[in-house]
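Written out below as structure tokens is the structure these notes cover.
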């Protein structure tokens, strides 16, 4: 999987890409025919997918807002994809106008797009890096700058760790991020869960297996274990809508149908 | 913030409530992704616009269009949303006919904005894709340029070929290695590059690689250069696969190892050939003989003719060694000529002893006819200097099935049979007779006595100094086993170790020497501390092959309290050349314990230089015969020194400490020092002596220091 730094990543537009498929689910047009074909196929098999993606986006929004309210003003969004609307810097700045955000993605197209979008924003940076090489990611100047003052930062791993296979050691990746951030830093994480819709897990993973970003859904225990070293904020690891709902009515009758499990933790 | 109410407040509020509920609702709930503040502002603004659009006269479609645009900007882009809005804005109370107008205007605003946004987003993602692609292309160009530079300037020869075996591209180093032009090589086929000396299996490995069954292989391979010369290379061929694992290309990397190979060949030739006669020597003979026993076909037979010249000693003593050597050379020539048509191996075992090995013997008659051929060949006088010398010979003939004997037993039996031929009156051949063999064992009495000799304390250990060539200081001592034989006097290891190995006595004897040497070395350390020498102990091949050496060494080290780093075990090339995994593991275990290993008598075995790289040895002792030969006026001294120099530099490349054995003069010591040889051993630096003498030496060096 690893390639030397000087061998460029391909920009293979013949294959669907998770970031652009996600954009399509959210009703965006930052996508190509291959992405739409894949998304439509997925929706055909699992009609709730767009709702799931929106629920994920809504969690991102609530989590960023929560962490900003806790006083964090530095954000590291790993696997940021195409931050079209409700991007981290927009949400955070509603609370903290000078919030800094570093967006990280390994897809060159997503990175190029983010750069176009953020070229006039002095407090946002976009980095092309692969989280499977955490040391390389942390060594990127923009990331190093974000960490340099030693202030707490918020690490966002939203809908990204399920693109890390077991062989690529997601626990190890989070562990290394944990040791790199100062105390008081926070981790917000969402992850495709296995228990919510066991009937869908197999076919859905099969569909992603053909993309450059195969999907590994995990159970609650594994997802909770990812927070090792972080103190989980109430209510712990739960389904999307159960996490800090804006009003009780926003929690639907069967939150597990949205399958995504989320949580926010604080490094002590 | 609202305009003055013209309708009943309750109706206005009802509409505003329904509108807010729609924007907060689950239909196309992109709203969940908006911050509460953003959403609040959106609801307020759109409510106000709709209020005016519904109530103001004249009807201004721009107001409803703006609401459509605002919703799209906030990503309310789900078509289901459009349907609900169209329905809701027409809810009464509403002026006559305004409903469809209002809904239409909203739809226009929504559609136009959505279309613009879609086009904009498509454009921006295309732009991003192009930017990314250009970036990737630039990076690819840069990496290609780097690769190209690497390819062009690599010191190693690199060639790229396709799967049909056509050479597609070669780098300058490869061109130089072949002494050819680029166009001579590109387009040629890989399988044109065969050489008669190719290692068996190399082309099979190549076929497996091409078919994708293996990913790489490495081998030493000769090639013909354009000028017809041969270049020896260390060749690595790798298979390059595409992303899906399908084989695409082959890449060959060739390193010129001709010099190393020639040195190795020279060493091997020297090690396997008798310098005087050019015949295969004792080592080569035993190598071939032992090979017969490795995997014999059922019923396989072998024959041996053991030849000894009659009266050679007389000629040597009366006409001088030079004449003796000339005679031996002439005999060798005669025998080689006579036996050449038979294809049997003729070797000189030493002195005036020769042997013929019949590898696939058809029966006793064939062996006897070889013996007759030998005697016939020597029947005519030979010209030596001005003399015509007649020299006879005796031949002991042994012919057996391979399965019923062993190499050593066969040679011993042939030797005894020769002895009988001599006794029976020279100039004849005698065939082995098992019954008579039993009577002739006196010569091997040593083996009988050896076990009891251990119990009677007839063995003892002497120590010979190894000194640093740089300053002559004592760095190590080699433990040398001695046998005070009641009849024969003091015997050196050369005289009984081979027999001890054959009979197995070497096992307890080897342990005993280790115990003695380690105990002595530990006592020197206690007495002299850091000035105490390392102790070197010889380990026989049989010991390394037997289980238990590692535990023995560990037990002895802990029993004597000797630091493992002060113990070096000397192993012979033959002990490791045919190395099986087990003895290799033994060696690694010893090194793991902290004990170091040195190759003893380097240059007398097969001298396969490549195995040195793989063995866990840290030292190499150049066989005494090399240095000894430098005194011999008949030998090409310059060549001898070149070989020694070659060995030293090779050993240093491998990080080995080199000891020269049998250094007898200061002149040789100087020369070896200049070559960078590390340590020396030999009479110039001290003979084997009793341990007390070594103690005295250490004490003295401490005083002068």
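Quick one: is residue B:112 more than 7 Å from chain A (Cβ to nearest Cβ), surrounded by fewer than 17 Cβ atoms within 10 Å (Cβ to Cβ) and in contact with a helix residue (DSSP H, G or I) (Cβ under 6 Å, 6 or more places away or on another chain)? Answer is no for this residue. In the range B:141-165, of all residues being at the interface with another protein chain (Cβ under 8 Å from one of its Cβ atoms) and surrounded by fewer than 15 Cβ atoms within 10 Å (Cβ to Cβ), the one that is farthest from residue A:81 (Cα to Cα) corresponds to B:146. Screening residue A:138 with (1) more than 10 Å from chain B (Cβ to nearest Cβ); (2) in contact with a strand residue (DSSP E or B) (Cβ under 7 Å, 6 or more places away or on another chain); (3) at negative phi gives one miss only, at (2). Being touching a strand residue (DSSP E or B) at 6+ places or on another chain (Cβ under 7 Å), touching a residue at least 60 places away in the same chain (Cβ under 8 Å) and part of a helix (DSSP H, G or I) is the filter here; which residues of the range A:151-176 pass it? Once the filter is applied, which keeps residues that are touching a strand residue (DSSP E or B) at 6+ places or on another chain (Cβ under 7 Å), touching a residue at least 60 places away in the same chain (Cβ under 8 Å) and part of a helix (DSSP H, G or I), the range A:151-176 yields only A:161. Of everything listed in (1) part of a helix (DSSP H, G or I); (2) crowded, with 22+ Cβ neighbours inside 10 Å, the single unmet condition for residue A:102 is (1). Looking across the range A:85-107, the residues that are in contact with a strand residue (DSSP E or B) (Cβ under 6 Å, 6 or more places away or on another chain) and in contact (Cβ under 8 Å) with a residue 40 or more places away in the chain come down to A:88, A:100, A:102. Within the range A:75-84, none of the residues are out of contact with any strand residue (DSSP E or B) (no Cβ under 8 Å at 6 or more places or on another chain) and either away from chain B (no Cβ under 12 Å) or in a helix (DSSP H, G or I) (or both).
Listed conditions (1) touching a helix residue (DSSP H, G or I) at 6+ places or on another chain (Cβ under 6 Å); (2) in a helix (DSSP H, G or I) are all met by residue B:347, apart from (2). When restricted to residues that are within 12 Å of chain B (Cβ to nearest Cβ), without any contact (Cβ under 8 Å) to a residue 24 or more places away in the chain and not in a loop (DSSP other than H, G, I, E, B), the range A:11-64 contains 5.
Pick out the one residue from B:377, B:371, B:347 that is within 29 Å of residue B:314 (Cβ to Cβ), over 38 Å from the mean Cα position of the chain (by Cα) and buried (at least 19 other Cβ atoms within 10 Å of the Cβ). Can you show your working first?
Numbers: B:377 fails: buried (at least 19 other Cβ atoms within 10 Å of the Cβ); B:347 fails: over 38 Å from the mean Cα position of the chain (by Cα).
Checking each option against the conditions leaves just B:371.
Taking first residues from the range B:247-272 that are more than 16 Å from residue B:642 (Cα to Cα) and partners that are assigned to a helix (DSSP H, G or I), the Cβ contacts under 7 Å between residues at least 6 apart in sequence or on separate chains come to B:250/B:209; B:250/B:210; B:254/B:174; B:254/B:177; B:256/B:177; B:272/B:283; B:272/B:284. Would you be able to say whether some residue in the range A:65-73 is touching a helix residue (DSSP H, G or I) at 6+ places or on another chain (Cβ under 8 Å), away from chain B (no Cβ under 14 Å) and either more than 27 Å from residue B:126 (Cα to Cα) or at pLDDT below 90 (or both)? Yes, some residue in the range A:65-73 is touching a helix residue (DSSP H, G or I) at 6+ places or on another chain (Cβ under 8 Å), away from chain B (no Cβ under 14 Å) and either more than 27 Å from residue B:126 (Cα to Cα) or at pLDDT below 90 (or both).
Checking the stated criteria, residue B:126 turns out to be surrounded by fewer than 16 Cβ atoms within 10 Å (Cβ to Cβ), without any contact (Cβ under 8 Å) to a residue 24 or more places away in the chain and out of contact with any strand residue (DSSP E or B) (no Cβ under 9 Å at 6 or more places or on another chain). Criterion applied to A:237, A:262 was being within 14 Å of another protein chain (Cβ to nearest Cβ), touching a residue at least 24 places away in the same chain (Cβ under 8 Å) and touching a helix residue (DSSP H, G or I) at 6+ places or on another chain (Cβ under 7 Å), and the one residue passing it is A:262.
Where strands (runs of 3 or more DSSP E) fall entirely within the range B:386-468, those with at least 2 residues that are crowded, with 18+ Cβ neighbours inside 10 Å and modelled with pLDDT of 85 or more are at B:392-401, B:429-431, B:459-468. Checking the range B:69-78 against the condition returns a match, with at least one residue being part of a loop (DSSP other than H, G, I, E, B), surrounded by 17 or more Cβ atoms within 10 Å (Cβ to Cβ), within 14 Å of chain A (Cβ to nearest Cβ) and modelled with pLDDT of 85 or more.
Considered as a group, the residues in the range A:108-129 that are away from every other protein chain (no Cβ under 13 Å) and in contact with a strand residue (DSSP E or B) (Cβ under 8 Å, 6 or more places away or on another chain) include one that is surrounded by the fewest Cβ atoms within 10 Å (Cβ to Cβ), and that residue is A:123.
The values are calculated or read from the model by the stated rules, or taken from the named source; none is laboratory data. Everything numeric in this text was worked out from a predicted model, so none of it was measured. Positions of Cβ are generated from backbone atoms using ideal geometry, with glycine treated the same way; all protein chains shown enter the neighbour counts.
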